[in-house]
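The values are calculated or read from the model by the stated rules, or taken from the named source; none is laboratory data. A quick note: this is a predicted structure, and the numbers were derived from the prediction, not measured. Because the Cβ atoms are built from the backbone with ideal geometry, glycine has one as well, and the counts that use them run over all protein chains shown. Calculation scope for accessible area: heavy atoms of the full protein, side chains included, ligands and nucleic acids excluded. Shrake-Rupley method; radii C 1.70, N 1.55, O 1.52, S 1.80 Å.
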Amino acid sequence: WGTKDKEEQETLLSKKREQNGSCNCKGCAVCCGFAVIVFTLSALVHLNWQAMCIGPLFHSDDVDALRSRWAVDAEALRRAAALATPLLTERALPNAFGWMTNVATGGVYFEDMNFVQGFERPGCWSLVEDTFSRLLGRSEPKWKPPVAGESMGIQSYQSYAKERFGQEFPGDFMQKFYTGGRVPSWEDNEGHAFGIWKLHAVVSTSRAAGIDPITMTYPLEPRVAFDHRALTKMASDGFRYFGPMEVQYANNGFYGASVVERLLQSRRRSDLLGMLMTDSVFGAHLVYEKGTGRFHVDLSGMSVYQPIPGYAALGGKASFERDGSSLRTVMLEYQGKIYRNFTDPEVDRAYEQNNTRLGWRMAEGALIASLLSMTNLVMHVKDLHLEIAAAFQAVTVDAFSNQPKHPLRRLLDAFISRSVQATNDNMRLLFDFHAADFSLAPLPHDEQLKLIDDAIKKNPLNLAEMDMERYGQIRHMDPAWSTREAITNTSRWGWRWHYRSVTVQRLIAKYVECFLEAEGMDEDFIKADSYLTDWWHSLVFHLPSLRRATEKNPSWSGSGNEASRSQLIRVLSTIMVWVSWIHEDVGHSAAAYVNNPIYTPMCVPEDGVGVPLRSWVFNAMAYRGFVFLHRSVLLDEPPAFWFDGNVESRKCFATFQDSLRSLGESDVAFSECDKNGFFSCVDRVETAVSS
């Protein structure tokens with residue numbers, strides 16, 4: 001019996017253990033189910049909270065609202081033709097890819113980079129913070145006065161790169177161009193620094209695993225048909241801060257397509273390039289040949305740089321003739337082939353029925369990509385950021401560090417804002433994290449650095465030649481083309497980009513002259529003031545373009561030792577129009593091209609078929625998150641410390657603002673902007689190279 005009792009007890013214990021285990025499993029299932037419900041509810045609450053406080057994940061903007069009917073109908077035919085091919089259309093998109101990319105960049109990086117002191121941040125918590133700050137009188141101003149005794153430390157880019165991220169870049173210019181070693185305390189940098197730190201963590205982790213993140217954008221597949229709605233959706237869904245058709249912060253929206261179509265409809269629908277050279281910043285690259293009466297753009301030298309695999313090489317040439325108020329393309333040359341006939345039925349069929357660029361359309365697309373590369377990589381990054389703006393700020397801050405209320409220091413404050421912050425971070429993003437690939441040109445980053453170095457050696461900048469009063473002469477342009485009469489005459493061509501730039505430079509020159517007079521800065525003051533003299537010597541040394549002007553055009557700029565009052569006005573007005581007005585043309589205004597990959601592709605696949613999805617989404621994300629940054633503008637209310645109680649100098653700035661505002665209200669070259677043109681409106685132009 002003893003053995004039997006023992007067996008019964010063991011059986012009972014076994015059953016009890018099974019019952020307890022069953023209860024535990026049921027308990028775990030209940031707990032897990034409860035956790036899933038709580039997580040789901042939390043996620044829904046968070047998403048709805050974000051939707052209320054910032055914006056929705058998905059946008060219902062009518063991207064065709066301002067587009068021409070003929071263009072929408074043609075796109076519908078291309079969309080239908082693509083259904084029988086692997087090309088994607090709005091009916092079949094990898095929405096998760098676009099959604100995750102935009103959520104990540106919108107939630108992780110956009111707020112860090114876009115919002116700085118003095119600007120309202122979206123979000124309910126930010127609203128609460130701002131409300132209490134105002135009640136307590138602690139709200140942050142956009143502008144803070146410089147701190148006496150504080151300097152930035154001027155150093156070469158090579159020195160900065162070795163010191164800050166432990167590497168050296170190829171190119172002699174890295175040792176010969178200068179920046180500031182630190183961001184000054186009166187410009188907040190916490191958001192920027194945190195955003196760069198997060199990017200560094202992602203890039204370094206990926207590289208440790210043997211993958212350079214930028215190479216994830218290299219594959220050409222999948223591709224999207226020439227379908228503007230599909231491309232817009234892929235670049236917008238998942239991004240909360242604004243929809244594609246909102247002109248918000250420093251983003252000009254997805255209006256490039258409608259602007260192109262409206263202008264094409266009013267002229268020749270097929271001559272896209274001629275229209276762009278007439279109405280956009282691309283006009284800056286034109287040269288006139290008096291003997292033939294033709295205008296030329298020659299980018300054939302870019303063909304030597306090896307493109308990213310699968311993408312078309314850069315390069316090409318084009319010639320134009322005046323035809324009423326527009327330029328008409330009369331010749332295209334690309335990869336050894338010359339095109340003069342732009343009505344080829346086979347080329348048109350390939351474009352409309354197969355979403356493919358062939359023949360002259362391929363040459364046109366590659367030349368537009370080359371114009372964008374030259375504008376983004378050379379004019380924007382090399383000329384403005386790397387060569388001029390950062391050094392201009394660092395020299396000015398350091399030269400007047402012990403005299404921050406000096407009138408020249410106060411005059412320049414608006415035009416040097418955040419230039420070192422923007423340039424140093426951009427250098428790391430572009431050439432250390434390799435974001436230059438695609439975003440500046442369809443070239444690997446090392447090829448881009450080589451292109452920059454070659455451009456400096458072959459065509460070094462001379463500040464005297466950047467003066468808008470001389471810019472046209474060097475290109476053999478008739479001054480009559482840069483007048484309001486030429487722009488408004490429907491039977492005559494006008495050089496719109498230059499007219500805008502020279503008009504604003506003249507306003508800036510008047511402002512500088514007025515300010516100097518109001519502050520008592522006459523010839524004797526300029527010659528005798530030691531701070532101004534030291535600043536001039538340092539500026540000539542650290543700005544190669546100014547040094548070159550003093551050597552080759554001393555009557556324009558003055559010598560390396562001193563400048564007269566009139567020469568100082570010329571130098572300052574030239575630098576100021578480039579770092580503010582022209583920087584806007586090549587910076588924020590680029591939305592009209594970047595957000596328009598069908599008409600103005602930044603990169604073209606070698607076979608001409610469709611739009612590669614990865615490079616497109618990357619470019620849209622990169623510009624929205626790191627280029628189109630919300631910063632102070634020329635028409636903002638100025639801070640009192642710029643004038644140090646001088647009523648007359650304040651009047652000078654008010655007159656400048658009134659004149660600029662009047663241009664935006666009454667001059668068609670300035671009022672056709674944002675939704676209606678290729679340029680930003682005057683009330684949205686940055687004061688400096690601050691993004």
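The set of residues in the range 171-205 that are closer than 18 Å to GLN155 by Cβ, of a type in the set (A, V, I, L, M) and in contact with a Phe, Trp or Tyr (Cβ under 6 Å, 6 or more places away or on another chain) contains only MET174. Scan the range 278-306 residue by residue and report those that are within 22 Å of VAL594 (Cα to Cα) and either open to solvent by less than 20 Å² (accessible area, probe 1.4 Å) or of a type in the set (A, V, I, L, M) (or both). Within the range 278-306, THR278, ASP279, SER280, VAL281, PHE282, GLY283, ALA284, LEU286, VAL297, LEU299, MET302, TYR305 meet the criteria. Within the range 441-461, the set of residues being in a loop (DSSP other than H, G, I, E, B) and open to solvent by less than 10 Å² (accessible area, probe 1.4 Å) comprises PRO442, LEU443.
Filter the range 621-645 down to residues that are of a type in the set (Phe, Trp, Tyr), in a loop (DSSP other than H, G, I, E, B) and over 17 Å from VAL247 (Cα atoms), then give me how many there are. Of the residues in that region, 1 qualify. Applying the condition of being out of contact with any strand residue (DSSP E or B) (no Cβ under 9 Å at 6 or more places or on another chain) and β-branched (Val, Ile, Thr) to the range 390-435 and asking which residue is surrounded by the fewest Cβ atoms within 10 Å (Cβ to Cβ) yields THR396. Taking the range 390-419 only, how many residues are within 20 Å of PRO141 (Cβ to Cβ), part of a helix (DSSP H, G or I) and of a type in the set (D, E, K, R)? Of the residues in that region, 3 qualify.
Residue-wise test of (1) more than 30 Å from ILE154 (Cα to Cα); (2) over 28 Å from the mean Cα position of the chain (by Cα).
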position	(1), (2)
GLY310	yes, no
TYR339	yes, yes
GLU346	yes, yes
GLN353	yes, yes
GLY359	yes, yes
GLY365	yes, no
ALA369	yes, no
HIS385	no, no
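Residues that are over 20 Å from ARG624 (Cβ atoms) and not in a loop (DSSP other than H, G, I, E, B) were ranked within the range 210-259; the one that is least open to solvent (accessible area, probe 1.4 Å) is ARG223. Filtering the range 606-620 to residues that are outside any helix (DSSP H, G or I) and crowded, with 22+ Cβ neighbours inside 10 Å leaves GLY610, VAL611, PRO612. Here's a check for you: in the range 260-277, which residue that is in a helix (DSSP H, G or I) and open to solvent by 10 Å² or more (accessible area, probe 1.4 Å) is modelled with the lowest pLDDT? By that ranking, first place goes to GLN265. Restricting attention to the range 488-507, the residues that are surrounded by 23 or more Cβ atoms within 10 Å (Cβ to Cβ) and aliphatic (A, V, I, L, M) total 1.
Would you check if LEU314 is closer than 24 Å to SER615 by Cβ and either within 29 Å of the chain's Cα centre (by Cα) or β-branched (Val, Ile, Thr) (or both)? Taking the combined requirement at face value, the residue satisfies it. Between residues in the range 397-409 that are closer than 19 Å to LEU568 by Cβ and of a type in the set (Phe, Trp, Tyr) and residues that are open to solvent by 20 Å² or more (accessible area, probe 1.4 Å) and assigned to a helix (DSSP H, G or I), which pairs lie under 7 Å by C-beta distance while being six or more apart or on different chains? So the pair list comes out as PHE400/TYR531.
Residues in the range 102-131 that are at pLDDT below 70 and among the β-branched types (Val, Ile, Thr) were compared, and the one that is least open to solvent (accessible area, probe 1.4 Å) is THR105. More than 20 Å from CYS673 (Cα to Cα), under 15 Å from the mean Cα position of the chain (by Cα) and assigned to a helix (DSSP H, G or I): does that describe MET602? Against the criterion (more than 20 Å from CYS673 (Cα to Cα), under 15 Å from the mean Cα position of the chain (by Cα) and assigned to a helix (DSSP H, G or I)), MET602 does not qualify.
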